[in-house]
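The values are calculated or read from the model by the stated rules, or taken from the named source; none is laboratory data. Computed from a prediction, not measured in an experiment: that's the story for all the values here. Reconstructed Cβ throughout: ideal geometry from the backbone, glycine too, with neighbour counts over all protein chains shown.
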Amino acid sequence: MKKLLKHISPLAPDDSGACSVLYELGGIVVICDAGGCAGNVCGFDEPRWHTKRSALFSAGLRDMDAILGRDDRLVEKLVKVCGQVEGEFAAIIGTPVPAVIATDFKALGRMTEKRAGLPCITIETDGTKLYDHGEEMTYLRVFKRFAVDKYEVKKGRLGVIGATPLNTGLCRADKLKEKLGSDRWTDIVCFGLDSGLDDIRRASECEMILVISPSGIKTAEYLNEAFGTPYEVGFPRLYEPAEKASESMNGKRVLVVHQQFAANELRTHFTGCEVDCATWFKLDKRYAQQNDFFIDGEETLTEMIAERGYDVIFADPDIRRMLGGFGGKFIDFPHYAISAAMNE
């Protein structure tokens with residue numbers, strides 16, 4: 001029962017992360033479900049659904065379709081959509097239903113490409129993992145499929161991987177570009193946010209890649225191996241939650257809870273105090289400090305807070321619910337994947 005969430009809502013799942021990466025790339029995206037997972041994406045995990053158009057569909061699987069594994073029905077529907085909606089590629093996203101019946105996604109992709117005449121990528125998410133796992137799979141699949149040609153490097157061009165609303169709470173790239181712009185970086189592209197598939201095709205034009213979430217590291221490594229593009233990890237200083245700490249932090253024990261790179265960036269604000277970072281999501285040990293920890297359940301978080309005696313906690317406001325006995329200072333640091341709290 002360790003993973004049971006009693007105080008906060010379920011965290012954004014892997015299929016939502018996959019959809020977040022694909023949302024603005026101009027593809028025809030099909031969530032392989034009966035309607036529930038697509039409703040979760042459009043209703044809760046994808047804030048752009050209300051402001052930006054995307055060809056995102058539910059497969060509408062019925063009981064017998066799932067029981068009998070009628071892949072031909074799904075392909076037939078997808079081919080019909082391709083004849084009515086313009087798209088540069090097709091994508092099929094997995095959910096618990098195809099995972100349970102062992103759907104052959106590679107076969108689905110081949111059948112779709114043959115009949116629809118479009119490139120098709122399949123993402124074998126199963127709805128049981130968290131959003132950053134789905135993002136990681138999708139970034140890598142998309143870049144390996146479409147970023148295959150080497151172009152001349154453009155001086156001053158910076159590519160950003162990981163700029164999804166689930167990581168940043170932003171639906172537009174303006175704020176990211178404003179914070180990252182400098183004399184060196186005059187041309188910034190946030191892959192999948194206010195940018196399309198052509199920017200991914202021409203990813204090798206980037207002078208450098210900035211990875212702002214652990215979900216983008218494998219893709220940055222691919223680009224480095226394929227084109228020699230260097231990469232760095234970090235997070236732009238988008239928000240100033242540190243300013244809400246009215247008194248001096250000297251000598252305090254501080255905990256920051258967010259996705260790893262956002263938490264690491266906030267840590268750099270403080271001196272004269274001990275700051276630990278924790279996350280419900282991917283924790284890459286290469287970018288962690290000694291006392292950073294992964295949260296595998298509500299009990300783990302409350303136990304660590306009690307054990308280490310933190311004075312100040314920066315975390316999503318929903319996490320307040322599980323800290324009834326905490327006597328220190330709690331400062332809101334929203335994370336959309338936890339509470340759907342926007343930062344705009």
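Odds and ends about this structure:
- When residues of segment 73-94 are limited to those that are buried (at least 20 other Cβ atoms within 10 Å of the Cβ) and at pLDDT 90 or above, the one nearest to S195 (Cα to Cα): F89
- Put simply, of L5, L11 the only residue that is modelled with pLDDT under 90, hydrophobic (A, V, I, L, M, F, W, C) and in a loop (DSSP other than H, G, I, E, B) is L5.
- For segment 299-344, a residue qualifies if it is assigned by TED's automatic domain parsing to the domain that holds A263, acidic (D, E), surrounded by fewer than 20 Cβ atoms within 10 Å (Cβ to Cβ) and over 22 Å from G272 (Cβ atoms), and the qualifying residues are E299, E303, E307, D318, D332.
- Selection within segment 279-293 - within 17 Å of the chain's Cα centre (by Cα) and either farther than 24 Å from Y131 by Cβ or not in a loop (DSSP other than H, G, I, E, B) (or both): T279
- Pick from segment 126-137, criterion part of a helix (DSSP H, G or I) and closer than 14 Å to I93 by Cα, ranking: farthest from the chain's Cα centre (by Cα): M137
- Among residues of segment 3-14 that are among the polar types (S, T, N, Q), those with a Cβ under 8 angstrom from a residue that is surrounded by 12 or more Cβ atoms within 10 Å (Cβ to Cβ), sequence gap 6+ or separate chain, pair up as S9/D318; S9/I338; S9/S339.
- Residue count for segment 138-192 under the criterion of being in a loop (DSSP other than H, G, I, E, B), touching a Lys or Arg at 6+ places or on another chain (Cβ under 8 Å), modelled with pLDDT of 95 or more and under 16 Å from V21 (Cβ atoms): the result is 1.
- Under the condition of being surrounded by fewer than 22 Cβ atoms within 10 Å (Cβ to Cβ) and in contact with a helix residue (DSSP H, G or I) (Cβ under 6 Å, 6 or more places away or on another chain), the residues counted in segment 131-152 number 5.
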